[in-house]
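Asker: Got a structure for you, written out below as structure tokens; questions coming shortly.
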Amino acid sequence: MRNTQKGIAVPLIVIVIAVLVGGGVYMCFRLQDEKKTQEEKLQMKLSQAQTLVEEETDKLNEFKKIFRATYSQYAAVQAECIKIANIVRSLDILFDKPSTNPKIRLYTETPKIEADINGKRAEINNILKSCPNKTASAIKKDAEAVKSFVDDLLAIIDALTPENSGFSQEQIDIYFTTIFEAAGEIDAIIETLANSSANENEQITITSEEIIMQEDVVTQAQEEVETIQEELEEVQSGSSSGDTSSEESTSSSTSEESSSEESSSEDTDFTGGEIPDGGGIIIQDGPPELIQGSNPF
């Protein structure tokens, strides 16, 4: 009876081992499929992130290009402020205390003319202070105010004579030439600023703050790419080690199954005869049954 139970148990053990091995192999392949799917998703995500980096970098480069063009335009406009200031300074010889409390030194036909020219010179002091921080269109208005001031000076000089001014005609002519040249220069400045004002309305302006913000966007996009690359490397590394361990596990399970089968074969490798220690029981082919034998007891 003992051998019958053993003969039934061995096949069961083999079946259990086969199920375990098969289940292990199935799980290994399933994990490999999951890792492959995860790797493909990460590859797609990485490609999208790299594309975003390229797009945002191109945008940053365009911002910088526009900023340089804007700055060049800005620098050119600010240069006109310097020219205006130089023109005004060249006429300061006609005034006492031009920068604080201007008083014209020349003869004027009426007190009103004198008050007007002194008032305009005082106003120009404020224009010169604020000019560098203005746009082309605003500076053009300031240049037009300076032009009005210069034209008024020309009118005053034109009314001078050696008798009413105390200057020689030669000196009067020098003053007139100086102011006339200043009027021509301010006309050229106004024309330049008019062109700049027209371009100013059409030009896209980029500030330094916008460039800094875009640089941050590019940095964040690059960090996202690095993060995805690290995740992908981890998955790929895990997939490689998983394949190796799967092969080892399958080989080990197969080896164990073979050993078990050999052991079972050794235990059951008989077809009949007597068991050495069981003198009264004889095992024959076919269904097990008890047969009459000698009993030493």
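No value in this document is a laboratory result; all are computed from the given coordinates. As the structure is a computational prediction, the values presented were derived from the model and not from experiment. Heads up, the Cβs are rebuilt from the backbone with ideal geometry, glycines too, and the neighbour counts pull from every protein chain shown.
Asker: Find the lysine pairs in the range 84-180 meeting two conditions, Cα atoms under 24 Å apart and a separation of 8 or more places or different chains, and report how many there are.
Answerer: Taking the range 84-180 as the scope, the lysine pair count is 19.
Asker: Any idea how far apart Ala122 and Glu230 come out in nm if each label point goes 7 Å out from Cα toward Cβ?
Answerer: Simple spin-label model gives 6.8 nm for this pair.
Asker: Mind checking which lysines have their C-alpha under 29 Å from Lys36, skipping anything on the same chain fewer than 8 residues away?
Answerer: Output for Lys36: Lys45.
Asker: Calculate, for Asp216 and Lys83, the FRET efficiency according to 1/(1 + (r/R0)^6) with r their C-beta to C-beta distance and R0 41 Å; round to the nearest 0.05.
Answerer: Numbers: r = 39 Å, r/R0 = 0.95.
Efficiency, from the Cβ-Cβ distance: 0.60.
Asker: Next up: Need one word for the range 106-183: rounded, prolate or oblate. Basis is the Cα gyration tensor (sqrt eigenvalues a ≥ b ≥ c); a/c below 1.5 gives rounded, then a/b vs b/c decides.
Answerer: Details: a/c = 3.25, a/b = 2.02, b/c = 1.61.
The shape class here is prolate.
Asker: If amide hydrogens are placed 1.01 Å from N in the peptide plane, which non-local residues have theirs closer than 5 Å to the one on Phe95?
Answerer: When sequence neighbours closer than 5 places are left aside, the close amide H contacts are Arg105.
Asker: Take each of the peptides 148-158, 70-80, average the number of other beta-carbon atoms within 10 Å over its residues, and list them starting from the highest. Working shown, then result.
Answerer: On the way: 148-158: 18.1, 70-80: 14.9.
Descending mean neighbour count gives 148-158, 70-80.
Asker: Follow-up. Suppose R0 equals 22 Å. What FRET efficiency, 1/(1 + (r/R0)^6) with r the Cβ-Cβ distance, do Thr100 and Thr161 give to the nearest 0.05? Show your work: numbers first, answer last.
Answerer: Numbers: r = 30 Å, r/R0 = 1.38.
Plugging the Cβ-Cβ distance into 1/(1 + (r/R0)^6) gives 0.10.
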